[in-house]
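First comes the structure, then the notes that go with it.
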Protein chains: 2
Amino acid sequence: MTKVPFEKRRGGTVTTPLGFLASGIRSGIKQKKKYDSALIVSENPAIAAGTFTLNRAKAWPVIYSMKAIHGARHRGILASSGNANCFNGAQGKAAVADAVASVAHLLKVSPEEILIAQTGLIGVPFPINRFKRGLPKLVERLSPDGGKKAAKGILTTDLRTKEVALSFHLGKKRVTIGAVAKGAGMVHPNMATMLCFITTDVKITKRLLRRALRRAVDETFNRLAIDNDQSTNDTVLILANGQAGNHTIARVDRRYRLFRDALEEVCRYVARELVRGGEGVTKVCTLHISGAKRPTDAEKVARQIGTSMLFKTMLAGADPNWGRLVAAIGASGVDFDSKRLDISFDGVFVLSHGKLRVSNLPKARRVLQKREFDLNIGLGKGHARAEFITSDLTPKYVLINSSYSS
Amino acid sequence: MTKVPFEKRRGGTVTTPLGFLASGIRSGIKQKKKYDSALIVSENPAIAAGTFTLNRAKAWPVIYSMKAIHGARHRGILASSGNANCFNGAQGKAAVADAVASVAHLLKVSPEEILIAQTGLIGVPFPINRFKRGLPKLVERLSPDGGKKAAKGILTTDLRTKEVALSFHLGKKRVTIGAVAKGAGMVHPNMATMLCFITTDVKITKRLLRRALRRAVDETFNRLAIDNDQSTNDTVLILANGQAGNHTIARVDRRYRLFRDALEEVCRYVARELVRGGEGVTKVCTLHISGAKRPTDAEKVARQIGTSMLFKTMLAGADPNWGRLVAAIGASGVDFDSKRLDISFDGVFVLSHGKLRVSNLPKARRVLQKREFDLNIGLGKGHARAEFITSDLTPKYVLINSSYSS
């Protein structure tokens, strides 16, 4: 990634870009007194792009939005938490259509302009009446300061909201990208259970917006692991309303790449926040694999290590057990040169050109006691690289996940 | 599998088949006062077959035995625990050759007739002198009652030995198959960290012995998961010495299939024992996937569920969260009919033809509180099936694995 002067906005969120309103309320989907509904709206017609779960058991809102995303113009994203609206029969499908029509009516836009995403328990009838009764309030409360409330409206077991906004310049125009997300548990490559809504005031073609989003998601959300499961509801949506007033980005040029890099930076920030906020997570480790023959090799090694339960428990125990790392590298099936293999934690080498550095082990142990650190692995076979974000696996993760539905 | 009258032998082990001797001792590889060396020998020249880890980082004994296995005649298996003899440079390679030559000399056989397998920590120089000093005692103590001691010689963190023997009749001759194994932690499909040594007095060609072993390993050891890692040392070896005196099995006929099924039964028993004895395991769940379009589909679903951390924590919590199962089935990418999907625990349906059976949930919860139970999933798409053995994921697993090397 090119280094560019991205300005991180203080208290930045999805309403930081020009022309976006948002709201979040409690409409009673959750039994607990918690926010469970959110709405994000552009003042003017915007364009949209999205990426969705690869799970074959797709929730109704995913099925709906995967189709709706192809429209030319969009105005808003309706979201709810507490009920995944998945695997609950025809009632769930009807609930999506009903909710979308209702909110479109209240916003005085066409239903085709509304996207929807939901998260929560699978297989439970969706409480459409309660949700619909809340919609007038949700619309009424739309505000340019509503980002934080929208962020609260999509949380499930998350401990805190995930929000960010970055700005950068395109010529003389300042462009902003904002995002809110939910994660927790089940977050894994290939778009695990997470919702992320991104807004931007950039002017760009729909084709390039889609291209930039795909790439950003691939490099960030698809390269992280808390556990190794994939959800039925994962959705990333972006709305671009053009209010920054820049010349439309319509070609793959320097300006496109600037936007693309900023979008990737926003997604990377959110991805790291998702791992930090994962169930039972106490440590975040960013893997940097280098020296691979080809990029897919580097990614394979990163994924093998990042999803290894033995590696993740090793992080929990702050134990620089490089033997497990060698076993995981080998298990990936990827070519590496055992005589040139390097393994280091935050620059502390435990293996250097295939030789154990025993005297560094105590120092490496101290690195592993930190809340965040990097693990660099050099395979000694080529020049391809990959990055991956992973977490430790703690007894707390097990405790949280062994009593979710009951 | 055809149902045949296999007789499980009381106290059966690797010395139960005719003409096998074994021994186990402490030679000081482990710092703790525990057995760490084992030897299994056939009185007469035998034939051998083996399957080995697919990990690219293979331990020295694996590299050695993968080559040696091609010999026409074998006499014994030398094994040790405490040191994996892996990723420790040329010293480790020399140690294998040295140990094999020493034991062959003591047994008055050719080094080519000896197979070797080792398990333990990676990346530590192998204490070849200590090991060699123990070899005379190991040979001296060879005995037709030595199976139990050999079983103890290969344990690492295992809580108990894994041994079994089955007999069956081929015409008027009684044929016996015996096995010892070590597992614990890291046990996963594709031959995870485990050693299994099988002896049999059957008379069979080397080609068919290999074929039967491959199939048995594929259906059992490659279909289980404790965690999702693969070791550098996994080895399954079988010796057949022909002392049962049956007509040589030389064709794929009824007699071959009888032997093959018996061998598979031995491996299945050992596989279940490996899962039962896995680190921190309190529950063993056997998955039966049916109604798949093709066998690979059934296997994919079985593997997706069997290795899902969310599924395994759900077992720990005795929570029949069928939503997670639907998500895991979907994540496998395999075709299923949501209107014909069946999910039942020990015959208690929580989903029947795609419909939730709420009233059965308390009963299903009671099944999940048992130490062993079956999970049946019908995909409603065809007639292919697959089986898979998995365990719960407990806080204890995490605690054990977060402090292994230190």
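The values are calculated or read from the model by the stated rules, or taken from the named source; none is laboratory data. Keep in mind that this is a model prediction, so the values were computed, not measured. Every residue, glycine among them, receives a Cβ derived from its backbone with ideal geometry; neighbour counts consider all protein chains shown.
Just so you know, in segment A:45-69 the residues that are in a strand (DSSP E or B) and either of a type in the set (V, I, T) or within 12 Å of another protein chain (Cβ to nearest Cβ) (or both) include one that is farthest from A:G183 (Cα to Cα), and it is A:I47. The residue of segment A:291-317 that is surrounded by the most Cβ atoms within 10 Å (Cβ to Cβ), among those that are farther than 20 Å from A:G354 by Cα and away from chain B (no Cβ under 14 Å), is A:E299. Scan segment A:30-44 for residues that are modelled with pLDDT of 95 or more and either touching an Asp or Glu at 6+ places or on another chain (Cβ under 7 Å) or crowded, with 24+ Cβ neighbours inside 10 Å (or both) and jot them down. A:S37, A:A38, A:L39, A:I40, A:V41, A:S42 - these are the residues of segment A:30-44 that are modelled with pLDDT of 95 or more and either touching an Asp or Glu at 6+ places or on another chain (Cβ under 7 Å) or crowded, with 24+ Cβ neighbours inside 10 Å (or both). Screening A:K32 on (1) within 14 Å of another protein chain (Cβ to nearest Cβ); (2) assigned to a loop (DSSP other than H, G, I, E, B) shows it passes everything except condition (1). Restricting attention to segment B:351-399 and to residues that are more than 26 Å from A:L393 (Cα to Cα) and in a loop (DSSP other than H, G, I, E, B), the residue that is nearest to the other protein chains (Cβ to nearest Cβ) turns out to be B:G354. When only residues in segment B:75-94 that are more than 14 Å from every other protein chain (Cβ to nearest Cβ) and touching an Asp or Glu at 6+ places or on another chain (Cβ under 8 Å) count, which is surrounded by the most Cβ atoms within 10 Å (Cβ to Cβ)? If we take residues in segment B:75-94 being more than 14 Å from every other protein chain (Cβ to nearest Cβ) and touching an Asp or Glu at 6+ places or on another chain (Cβ under 8 Å), then B:S80 is surrounded by the most Cβ atoms within 10 Å (Cβ to Cβ).
The lone criterion from (1) modelled with pLDDT of 95 or more; (2) crowded, with 24+ Cβ neighbours inside 10 Å; (3) among the small types (G, A, S); (4) in a loop (DSSP other than H, G, I, E, B) left unmet by B:A72 is number (2). Hey, any hits in segment B:327-346 for a residue that's over 21 Å from A:G123 (Cα atoms), in contact with a strand residue (DSSP E or B) (Cβ under 6 Å, 6 or more places away or on another chain) and modelled with pLDDT of 95 or more? The answer is yes, given that some residue of segment B:327-346 is over 21 Å from A:G123 (Cα atoms), in contact with a strand residue (DSSP E or B) (Cβ under 6 Å, 6 or more places away or on another chain) and modelled with pLDDT of 95 or more. Checking each residue in segment B:302-355 for being under 21 Å from A:W60 (Cα atoms) and of a type in the set (K, R) picks out B:R324, B:K339, B:R340, B:K355. The residue pairs whose first member lies in segment B:152-167 and is more than 20 Å from B:L78 (Cα to Cα), whose second member is among the aromatic types (F, W, Y) and assigned to a loop (DSSP other than H, G, I, E, B), and whose beta carbons are closer than 6 Å, counting only pairs six or more residues apart or on different chains, are B:L166/B:F6.
When B:N376 is tested against (1) closer than 29 Å to B:A216 by Cβ; (2) free of Cβ contacts under 8 Å to residues at least 40 places away in the same chain, just one condition goes unmet, and that condition is (2).
Here is a yes/no grid of residues against (1) within 14 Å of chain A (Cβ to nearest Cβ); (2) under 25 Å from the mean Cα position of the chain (by Cα); (3) over 21 Å from B:S65 (Cβ atoms):
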position	(1), (2), (3)
B:E113	no, yes, no
B:I122	yes, yes, no
B:G134	no, no, no
B:L142	no, yes, no
B:D145	no, yes, yes
B:A151	no, yes, no
B:I154	no, yes, no
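Across segment A:190-217, the number of residues qualifying as at negative phi and either at pLDDT below 90 or within 14 Å of another protein chain (Cβ to nearest Cβ) (or both) comes to 3. The condition (being within 20 Å of the chain's Cα centre (by Cα) and at positive phi) is satisfied by just one residue among A:G291, A:G306, A:G280, A:G245: A:G280.
Annotation for segment B:124-145: no member residue is under 30 Å from B:A225 (Cα atoms), of a type in the set (A, V, I, L, M, F, W, C) and not in a loop (DSSP other than H, G, I, E, B). The residue of segment A:329-343 that is farthest from the other protein chains (Cβ to nearest Cβ), among those that are of a type in the set (A, V, I, L, M) and surrounded by fewer than 24 Cβ atoms within 10 Å (Cβ to Cβ), is A:I343.
Taking the criterion of being within 22 Å of A:C86 (Cα to Cα) and more than 7 Å from chain A (Cβ to nearest Cβ), the residues of segment B:318-328 that qualify are B:P320, B:R324, B:L325. Remark: pairs (first residue in segment A:73-96, in contact (Cβ under 8 Å) with a residue 24 or more places away in the chain and assigned by TED's automatic domain parsing to the domain that holds A:N44; second residue aromatic (F, W, Y) and assigned to a helix (DSSP H, G or I); Cβ separation under 6 Å; 6+ apart in sequence or on different chains) = A:N85/A:W60; A:G92/A:W60; A:K93/A:W60; A:V96/A:W60; A:V96/A:Y64.
Within segment B:109-127, can you find the residues that are among the small types (G, A, S) and either surrounded by fewer than 17 Cβ atoms within 10 Å (Cβ to Cβ) or at positive phi (or both)? Listed by number, the residues that qualify are B:S110, B:G120, B:G123.
Cβ separations smaller than 7 Å between residues 6+ apart or across chains give the following pairs from segment B:39-53 residues that are among the hydrophobic types (A, V, I, L, M, F, W, C) to residues that are modelled with pLDDT under 95 and buried (at least 24 other Cβ atoms within 10 Å of the Cβ): B:F52/B:D234; B:F52/B:T235. Among residues of segment B:257-274 that are in contact (Cβ under 8 Å) with a residue 24 or more places away in the chain, those with a beta-carbon under 6 Å from a residue that is in a helix (DSSP H, G or I) and surrounded by fewer than 20 Cβ atoms within 10 Å (Cβ to Cβ) at least six positions away or on a different chain give the pairs B:E264/B:E219.
Report, by residue number, each residue of segment A:262-310 that is of a type in the set (D, E, K, R) and either closer than 21 Å to A:V180 by Cβ or not in a helix (DSSP H, G or I) (or both). The answer is A:E264, A:E265, A:R268, A:R272, A:E273, A:R276, A:E279, A:K283, A:K293, A:R294. Within segment A:223-258, which residues are touching a strand residue (DSSP E or B) at 6+ places or on another chain (Cβ under 9 Å) and part of a helix (DSSP H, G or I)? Hits for segment A:223-258 are A:R223, A:R255, A:Y256, A:L258.
When A:L106 is tested against (1) more than 30 Å from B:G323 (Cα to Cα); (2) crowded, with 18+ Cβ neighbours inside 10 Å, exactly one condition is not met: (2).
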